[in-house]
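The values are calculated or read from the model by the stated rules, or taken from the named source; none is laboratory data. Just so it is clear, the model here is predicted, and its values are computed rather than measured. Here the Cβ positions follow ideal geometry from the backbone for every residue, glycine too, while neighbour counts run over all protein chains shown. Ligands, DNA and RNA are stripped out before the accessible areas are found, and what is left, the full protein with its side chains, is counted by its heavy atoms. Shrake-Rupley method; radii C 1.70, N 1.55, O 1.52, S 1.80 Å.
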Amino acid sequence: MGVTFVLGPAGAGKTTAIQREIAELSRREPQQRILYLVPEQMTLSAQRTLLNLHPDHGVMNTEILSFNRLAHRIFEETGVLQEKLLDDMGKSMILYKIACDHAGELRYYQASVRQRGFIGQLKIMLTELYQYQIGDEELRQLAESQPSDSILRAKWEDIRKIRQYFEAYTADIMLSSEQVLDVLAERIQRSRLIAESRIYLDDFSGFTPQQYRVLAGLIRRARSLTVCLSMTPAAWKQAEGTADWKELPANLFHETQKTVLKLQSLAREARVPYQLRWCQQPGQPALEALRNGLFRAGGGRYEGVQNQVFAQTMETPAVELDWLLHEILHLVREEGLRYREIAVVAGDMERYAHALRRRLALYGMPGYIDSKSEFLLNPYAQLIVQSLKAAWNGGSYDTVFSLIKTGLTPLTPEQADEFENEALRQNWRGLSRYVQELRERADWPQAQVLAEALDRFREASPAGSHLVRERLQALRELLNSLALAQRMEEKSQELQKEGKLLEAMEYHRLPQAVEEVLNRMEEALGGVSMDAREFSGVMDLGLEQCRLGTLPPSLDQLIFGDMERTRLEGVRVLFVIGFQDGCFPKGESAPGLLTRREREVCSAIAEMPPMDREDQQLQYLQLYTLLGKASERVYFSCCTGDGKGKLQSP
């Protein structure tokens, strides 16, 4: 039993060292249980790496998990009913219903509950409260610490009231995703799996108070715990012996210094020994000098001739992307690199994603953009949105033809245009009139199918109060009558034949994703009555929360991602694009339910999530860590303009 901290600067080989240790331990002691905890987005690459490192290319006694997957694993073992778990989508729906029902009781947010984005911000706030262990008593103290007529007091009282209603609604019925780690922390001491396991944590820069509770349980229960963190010996010398992590000065390694100090404190409380192990693997001299001098005064400096670090300035993002893809083609064709050995990251990949997809197709290059599609913009989602809107607005012209023009109704594009022209000419109004006109089109067999489907849906979806379960059944019947699942599968197969594997994967998953939204809504609100407009609002919220995450369809391809989300392994050349003011570090984030100043005021009473200054330090650390993934070369690029005539600073 004991805690080992594997420390070293970025690129020192820490991850490689513990992965080799895991592979060797797995081979030498096949009966020993091993748990390798990594961030969610790294689990697949970690599995692949361990399989390659193991002499038998199999790790039957090793599980690669994230914190949430570990929770579900322990729940299976200790008997927690996972059917009761409430995910983010269901939580958003319940919060919307609660906020609307109790809007009149709110002092500050009364007029905001139906505004777009409010429920998302409210969900983030509740998540932070759970993660940072801020309970009802702390919320009361936060509110009472402010003057009775202050805005901040009114905000905290509203947030506390909504959370009380939320917890009362979900009590003994379901468990929210934020409460999963709390239950995990309580169940660890009952787990035989944890007691028999050696546990390794990798690729984390820090943890929330909620995760520290879990780690405290792992320290007490597991056979051993090994934690891998990026930090230089000089940074540790600065932190060593500090009684309180809050006394640490702001620096690049502040988060990892805090993590080590907190975990050492937990180990002392559990009377578990701990030790430090340093890794130092020499790399390319210019890259080491770059990492040693990054964001630190008096850091590394390289004086000689080098071909490992490059910087380029372009006029616009379009020119930057063309330069990027030409450089990658040169590396592949002239220098023999594989696509999978090259990665591209940006401070804001969304700025490039659309143009990048077109250029990858034009250049014929395999590439995977690490992002999640906006589901609400999909034609399938729009058909649902417009159908529900028609139930409460009576079927306006815009609603009906937005539905028809999704391309998912039985009408052909030509028939849709002709029908629209006739509607404009005769000034049709109301869904019943459109249904009547469709039925009169005897020469259009497809129109009869659409008319029948819309009419049945209209009758089953009254504007007044109606059970959510029955509204969902009417929506399912509409989707089935239009054969949307079959249409999506046919489209997926067409795209697959054309070699568009990612698009094919998305179309294949659409019906399943929609059914998941409907199931979540039925579980959370099935027995509740809503009018058509409120039901439409909750459904919009559910579809907005839905994301179609995809995996790379092949191994040998380029990876494009952002600095915060993307995890890289086995990269020889790294491109950092869009490296300019406002994208890196990202500018001050838009305020949520609390402003930056309000968070600062409250941080004296309760530990709050990172504010802009701390978040900026985390971004610096993320870039520093990413640069350590490149073994041979790093390219930086920026633009002097945004392509629309506006100047940008590098």
Taking only protein heavy atoms and a 1.4 Å probe, what accessible area per residue, in Å², does region 183-226 have with all protein chains in place? 34
How large a share of the accessible area of the chain, in percent, is made up of carbon and sulfur atoms when the probe is 1.4 Å and the other protein chains stay in place? 47
Provide the solvent-accessible area of residue 77, counting protein heavy atoms only and rolling a 1.4 Å probe, rounded to the nearest 10 Å². 70
Rounded to whole Hz, the Karplus (6.51, -1.76, 1.60) HN-Hα couplings of region 399-411, x for glycine and proline: 5, 4, 7, 5, 5, 5, 7, 5, x, 10, 8, x, 6
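So how do 330, 54, 102 rank on accessible area, 1.4 Å probe, biggest first, that is with the largest at the start?
So the residues, ranked largest to smallest area, are 330, 102, 54.
Can you give the alpha-carbon Rg of region 123-269 over 2.2 N^0.38 Å, where N counts its residues?
Details: Rg = 18.5 Å, N = 147, 2.2 N^0.38 = 14.7 Å.
Normalised Cα radius of gyration, region 123-269: 1.26.
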Could you sort 139-146, 468-475 so that the peptide with the highest average Cβ count within 10 Å comes first and the rest follow in order? 468-475, 139-146
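For region 436-483, report the accessible area per residue in Å² (1.4 Å probe, heavy atoms, rounded to an integer). Don't skip to the answer; put the middle values down first.
Numbers: 2380 Å² over 48 residues.
I get 50 Å² per residue for region 436-483.
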In percent, how large is the relative contact order of the chain, given Cα pairs closer than 8 Å and 6 or more residues apart? 20
Filter 14/586; 97/389; 405/500; 237/586; 258/629 down to the pairs with a C-alpha to C-alpha distance above 26 Å, please. 14/586; 237/586
Taking the square root of 5 times each eigenvalue of the Cα gyration tensor, what semi-axes in Å does the equivalent ellipsoid of the chain have, largest first? 45, 33, 26
To the nearest µm²/s, what D does Stokes-Einstein give for region 182-328 at 4 °C and 1.567 mPa s, using the Kirkwood radius over alpha carbon pairs as Rh? 69
Under the Kirkwood approximation for Rh and a Cα-based Rg, what ratio Rg/Rh is obtained for region 424-579? 1.11
Per-residue HN-Hα couplings for region 93-103 [Karplus 6.51, -1.76, 1.60; θ = phi - 60°; Hz; x = Gly/Pro]: 5, 5, 4, 4, 4, 5, 4, 5, 5, 10, 4
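Averaged across orientations, what area in nm² does the convex hull of the alpha carbons in region 260-314 project? Walk me through the numbers before you get to the answer.
Numbers: hull surface 27.0 nm².
Average of the hull's projected areas for region 260-314 equals 6.8 nm².
Rounded if a/c is under 1.5, else prolate if a/b beats b/c, else oblate: with a ≥ b ≥ c from the C-alpha gyration tensor eigenvalues square-rooted, which is region 1-138?
Values: a/c = 3.01, a/b = 2.44, b/c = 1.24.
Verdict is prolate for region 1-138.
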So for region 63-145, averaging the separation of alpha carbon pairs under 8 Å that are six or more residues apart and normalising by length, what relative contact order in percent results? 18
Which percentage, to the nearest 5, of the DSSP beta bridges contained in the chain is antiparallel? 10
Taking region 318-407, the equivalent ellipsoid from its C-alpha gyration tensor has semi-axes in Å, biggest first, of 42, 12, 11
Work out, in µm²/s and without decimals, the Stokes-Einstein translational diffusion coefficient of region 264-371 at 4 °C, 1.567 mPa s, Rh from Kirkwood over C-alpha pairs. 72
